[in-house]
Amino acid sequence: MDKTNNSLSGTQFLLSGAALVVIIAGINFAQSIVVLFLISFFLALLGAPPVLWLKEKRIPSAFAVLIVMAGMIIILLLIGAQIGASISSFSNELPLLQSRIRDQVLEFSVLLTGKGIVGTEKFLLEYVNPEAIMGHTADLLSGLSSVLSDLILILLTVTFILLEVSSFPVKLRAILGDPKQVFPRFTEFVVDMKRYMVIKTIINLVAGSLIAAWMYILGVQFPVLWGFLAFLLHYIPNIGAVISAIPAALLAFVQLGTGSAVLVITGNVLVGFIIGNVIEPRLMGRKFGLSTLVVFVSLIFWGSLLGFIGAILSIPLTMTLKFAFESNESTRWLSVLLGSEKFDAVSAFMKKKEQNKNAAQ
């Protein structure tokens, strides 16, 4: 009997693994469509709070959505015009920048060779390859621009999602056949996710503005572009600030010298440290934390699966999984593994202890 159960468990495990592989392959195959809906869902999460607030003020649902969408379109157009101009200028000057970077690297290599450090030229040009870093930055920004070329379709999708926000619970109750059915875990999950995305976006806007202002003060070219890149990459905690600093520091090194490059890196890392270790824990609490290993692995996984947008949204997507795992008793251990501190393990243990106590009573 035990052998039969073990065999069934093994078969179920293999079937689940095979289904997971098929799902991942399907998502990768339909990458463009999945990315479009992820962006739409992300914008809908940001637009849902003002829509619900307007409805509380007795403004009809359609007018509330129209007001929010009008504001969203104006903001996107204003920001998009600035970012688009910066991306275009950066792309036009990229060949010259890459040439100047190569010259600077060769001069630096000669300087190190004169001090007895040999083999630096091959290491810097082939392994570190700062030219390629700038090229990849331009490719990523161009890829983002191509995604935003479907802006009309994205905005239409966001509009329809917002129109369905308030009616979704009613439809779900109708499907279940219970007009008084409540969904505490699902509601908590949605509220937590919405809160995380709104707070994180506001924090990132502040971080991006600070970085752009710092670049402008230092005299680095394209300060708006580097602020926008910082805004995007700060969705990746711990390492996002460092990644966003690298291309800006290379440009500062070529344009202004070593001292300015060091100041660029210092400013980015300082802003990232303050946000990641002071501001976010106070506003979000430990519940929203992920371990550093999970952050790194999720960046690689979602980036490989969905491209640049997947890398940017890797943490929100992983947080969605964490919240989903936490809402179910059988998968709560996965949420604990994804968590950043012992706090998650202790919290799970206390919940389990409380449930066992209630069951015994």
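Details
- Ranking of 55, 322 by neighbouring Cβ atoms within 10 Å, starting from the fewest: 55, 322.
- The packing ranking of peptides 77-85, 242-250, 150-158, 268-276, highest mean first, is 242-250, 268-276, 150-158, 77-85, where packing means the average number of other beta carbon atoms within 10 angstrom of each residue.
- Karplus-derived 3J(HN,Hα), 6.51/-1.76/1.60, for each residue of the range 40-47, Hz, glycine and proline x: 4, 5, 4, 5, 5, 4, 6, x
- Counting beta carbons within 10 Å around each of 89, 335, 314 and listing the fewest first gives the order 89, 335, 314.
- The distance between label points at residue 93 and residue 194 comes to 4.3 nm (points 7 Å beyond Cα on the Cα→Cβ vector).
- Extending 7 Å from Cα along the Cβ direction at residue 239 and again at residue 74 yields two label points whose distance is 4.0 nm.
- Residue order, fewest to most beta carbons within 10 Å, for 333, 302, 226: 333, 302, 226
- Between residue 139 and residue 300, the contour length at 0.36 nm per residue exceeds the alpha carbon distance by 56.2 nm.
Rule-based calculations on the coordinates, nothing more; no lab input. It should be emphasised that the depicted structure is a prediction, and the values quoted were computed from it without experimental measurement. Reconstructed Cβ throughout: ideal geometry from the backbone, glycine too, with neighbour counts over all protein chains shown.
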